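Visitor: Okay, handing you the structure first.
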2 protein chains.
Amino acid sequence: MTTEPAYIDLLRSIATDPAARRLADDAAVLTIGKQSLVLTKDMLAQGVHFLPDDPPADVAWKLVAANVSDLAAKGATPLACLTGHTLSGDAAWDSAFVQGLGEALDHYGMLLIGGDTISAAAGAPRVLSLTAIGLPSVPVPPSRSGALASDGLFVTGTIGDGWAGLQLLQAGRTEPRSLISAYRRPQARIADGRALAQIAHAMMDVSDGLLIDAARMADASGLGVKIDLAKVPLSEDFVGAFAADQDAALSAATGGDDYQLLFAADGQAHLPVPAVRVGGFAEGSGLTISWNGMPVDLPAKLGWLHG
Amino acid sequence: MTTEPAYIDLLRSIATDPAARRLADDAAVLTIGKQSLVLTKDMLAQGVHFLPDDPPADVAWKLVAANVSDLAAKGATPLACLTGHTLSGDAAWDSAFVQGLGEALDHYGMLLIGGDTISAAAGAPRVLSLTAIGLPSVPVPPSRSGALASDGLFVTGTIGDGWAGLQLLQAGRTEPRSLISAYRRPQARIADGRALAQIAHAMMDVSDGLLIDAARMADASGLGVKIDLAKVPLSEDFVGAFAADQDAALSAATGGDDYQLLFAADGQAHLPVPAVRVGGFAEGSGLTISWNGMPVDLPAKLGWLHG
């Protein structure tokens, strides 16, 4: 059986152009004449990334937000997209999906310009995809691999709200709205990404979990990284629904679905948008974590690992 | 249950930018500053577009060829692509697929720059997709809708070879190679497309069948179209394996999977590449067919209709 990393290794052997960024970044950066484009593609499979009874308009929103978040992580502004859709045989589902798609595209200012629609085999779970094209705000969009050993590690917004929303929904709750909404209708940070691309040495979005994504940035940069869990920014509603202790912070930092931007920057740099320093890089390798400076063992799972 | 045309109607209501070409063309044409791009996306679902025991390298080849053929139909040269792949749990299949993908990308000179790989639900059929980006050879790539009432209808190459290859394979035969190869390793007409984009008033690739695709071009152009089946170019191997009579020509003209270019042009125009005039447009609507000028009833199926 091929795992995702093993398959990406196979693809890497034929994706040798610099535009592919070794298939190790959130997006590709393709230069055509004097024009650079940022391109990304994300898929969602029913039963894996969403459930059959998730509201279809929210599924569409997350499909768009996941792609736009990848663009934002490269400092790019969404321009246009192509969709891929396997028909479900359920007209109400399909119709609600397109309505949510339209809302998300309006929200993010992205044009739908094409795609493909197919009928999958009877009874097959839905597979949805989007290819998004964005315009970068700097000549060389930040990659995951540019962190320096002296850099701090920063994150925008608050962490764990999407994870918290999912826990609440699974417990049958629909409040607080901010947490439910963080899970159902995540907000990609386009303006933050554009501003941060000016100063970030490395940047990515937090999709699988703060810890695992920070470890990936450190690995791509050939460095080690330390995170103090007590510095992880939690929202008031998160703290109200859970707590502000080490366990809660660890849940937030490994839950994923954050749609925040994680970046490496000079600790003395002026940050153009609000962000919190959660740790820093150092020579070496691997991730180490602490709680108010006291060492903490790494959890068994650093984030949401796709099967 | 939503049909593909009904779903595309839904999408059309949110795809209002001219770049989308009303989702009625082979590809989108996106202009960024002074740079135009041609973009297309095609998906293949196991059990619908290919069979579990089709050679995986050939499935990869067809995925690439289908996308490149859409680019060729707009006179564009392939530049780069992003893939989407649901893992099958079968390492040998995945590995052979990537080998075929590499061969096809080399053949067509297209860079792999990104994509997404996911694990679908256990037992789910594979869904494969490709988004391809090409560079147009003319400022306004030909659409499907530009045919004039005085135009002739032309087609490159020979028709029916892919269909014939499938029939032979299903009958357990592996010869003649030219027909098997037309089915397994179709050749998109990039150079022909670039040359024809200079003179074609409308152009598309023949993917679902000559008759149905000609009817679509006529409909998009607000015209009627006539085709003489006796003019449909058949290969020597096709005639050898089947016949050159009206039935055989009708099979060829409705079989699909041709990867040839269908175009509308002035009947007096100098054709820059070999092509055969199979009919012509006229005021009115609909498709009419004949055999050496004698009217022929339309068959029940004009081509391969995706479910």
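The values are calculated or read from the model by the stated rules, or taken from the named source; none is laboratory data. If you're wondering where the values come from, they're calculated on a predicted model, not measured in any experiment. Methodologically, a virtual Cβ is constructed for each residue, glycine included, from the backbone with ideal geometry; neighbour enumeration extends over all protein chains shown.
Visitor: Of all residues in the range B:186-196, which are within 16 Å of the chain's Cα centre (by Cα) and small (G, A, S)?
Guide: If the condition is that a residue be within 16 Å of the chain's Cα centre (by Cα) and small (G, A, S), then B:A188, B:A191, B:G193 are the ones that fit.
Let's see how each residue does on (1) charged (D, E, K, R); (2) at the interface with another protein chain (Cβ under 8 Å from one of its Cβ atoms); (3) touching a residue at least 40 places away in the same chain (Cβ under 8 Å):
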position: B:D25; (1), (2), (3): yes, no, yes
position: B:V29; (1), (2), (3): no, no, yes
position: B:S36; (1), (2), (3): no, no, yes
position: B:Q46; (1), (2), (3): no, yes, yes
position: B:A66; (1), (2), (3): no, no, yes
position: B:A73; (1), (2), (3): no, no, yes
position: B:P78; (1), (2), (3): no, no, yes
position: B:A96; (1), (2), (3): no, no, yes
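Visitor: Another question about this same structure. Looking at (1) in a strand (DSSP E or B); (2) away from chain B (no Cβ under 12 Å); (3) acidic (D, E), can you tell me which one A:D58 breaks?
Guide: All conditions pass for A:D58, except number (1).
Visitor: Right, another one. Could you tell me whether B:L71 is touching a helix residue (DSSP H, G or I) at 6+ places or on another chain (Cβ under 9 Å) and either assigned by TED's automatic domain parsing to the domain that holds B:S207 or farther than 19 Å from A:A28 by Cα (or both)?
Guide: yes
Visitor: Further question on the same structure: Would you check which residues across the range A:118-170 are in contact (Cβ under 8 Å) with a residue 60 or more places away in the chain, farther than 30 Å from A:D237 by Cα and part of a strand (DSSP E or B) and list them?
Guide: A:V127, A:L128, A:S129, A:L130, A:T131, A:A132, A:I133, A:G134, A:L135, A:P136, A:D151, listed by residue number.
Visitor: Scan the range B:96-135 for residues that are more than 25 Å from the chain's Cα centre (by Cα) and under 19 Å from B:L51 (Cβ atoms) and jot them down.
Guide: Those that are more than 25 Å from the chain's Cα centre (by Cα) and under 19 Å from B:L51 (Cβ atoms): B:A120, B:G123, B:A124.
Visitor: Kindly indicate the residue of the range A:243-297 that is in contact with a Ser or Thr (Cβ under 9 Å, 6 or more places away or on another chain) and modelled with pLDDT under 95 and also surrounded by the fewest Cβ atoms within 10 Å (Cβ to Cβ) among those meeting that condition.
Guide: Taking the range A:243-297 and keeping what is in contact with a Ser or Thr (Cβ under 9 Å, 6 or more places away or on another chain), we get A:252, A:256-264, A:266-267, A:273-276, A:279-282, A:295-296.
After this cut, where a residue has to be modelled with pLDDT under 95 as well, the list is A:256-257, A:267.
On the way: A:G256: 25, A:D257: 23, A:G267: 11.
So, considering only residues that are in contact with a Ser or Thr (Cβ under 9 Å, 6 or more places away or on another chain) and modelled with pLDDT under 95, the one surrounded by the fewest Cβ atoms within 10 Å (Cβ to Cβ) is A:G267.
Visitor: Additional query: Mind checking which residues of the range A:48-83 are among the hydroxyl-bearing types (S, T, Y) and in contact with a Leu (Cβ under 8 Å, 6 or more places away or on another chain)?
Guide: Passing the criteria: A:T77, A:T83.
Visitor: Whether any residue in the range B:9-17 is in contact with a Lys or Arg (Cβ under 8 Å, 6 or more places away or on another chain), free of Cβ contacts under 8 Å to residues at least 24 places away in the same chain and either at the interface with another protein chain (Cβ under 7 Å from one of its Cβ atoms) or part of a loop (DSSP other than H, G, I, E, B) (or both) is what I want to check.
Guide: Yes - at least one qualifying residue is present in the range B:9-17.
Visitor: Taking B:S178, is it among the hydroxyl-bearing types (S, T, Y) and farther than 15 Å from B:A264 by Cβ?
Guide: Considered against the rule, which asks whether it is among the hydroxyl-bearing types (S, T, Y) and farther than 15 Å from B:A264 by Cβ, B:S178 comes out as yes.
Visitor: Tally up the residues in the range B:71-110 that are among the charged types (D, E, K, R), surrounded by fewer than 24 Cβ atoms within 10 Å (Cβ to Cβ) and within 27 Å of A:I32 (Cβ to Cβ), please.
Guide: 2
Visitor: For A:D58, state whether it is without any contact (Cβ under 8 Å) to a residue 12 or more places away in the chain and more than 16 Å from B:I8 (Cβ to Cβ).
Guide: Spelling it out, it is not the case that A:D58 is without any contact (Cβ under 8 Å) to a residue 12 or more places away in the chain and more than 16 Å from B:I8 (Cβ to Cβ).
Visitor: Condition (residue is buried (at least 20 other Cβ atoms within 10 Å of the Cβ), touching a Leu at 6+ places or on another chain (Cβ under 9 Å) and at pLDDT below 95) applied to the range B:167-180: is it met by at least one residue?
Guide: no
Visitor: Taking the conditions exactly as written (within 10 Å of chain A (Cβ to nearest Cβ), part of a loop (DSSP other than H, G, I, E, B) and touching a Leu at 6+ places or on another chain (Cβ under 9 Å)), does B:T86 satisfy them or not?
Guide: Here the answer is no, as B:T86 does not meet what is asked.
Visitor: Further question on the same structure: Among the residues of the range B:100-117, write down those that are part of a helix (DSSP H, G or I), closer than 24 Å to A:T83 by Cβ and within 7 Å of chain A (Cβ to nearest Cβ). Talk me through it step by step, then tell me what you get.
Guide: Taking the range B:100-117 as the starting set, the residues that turn out to be part of a helix (DSSP H, G or I) are B:100-108.
Next, only the ones that are closer than 24 Å to A:T83 by Cβ stay: B:101, B:104-105, B:108.
B:L101, B:L105, listed by residue number.
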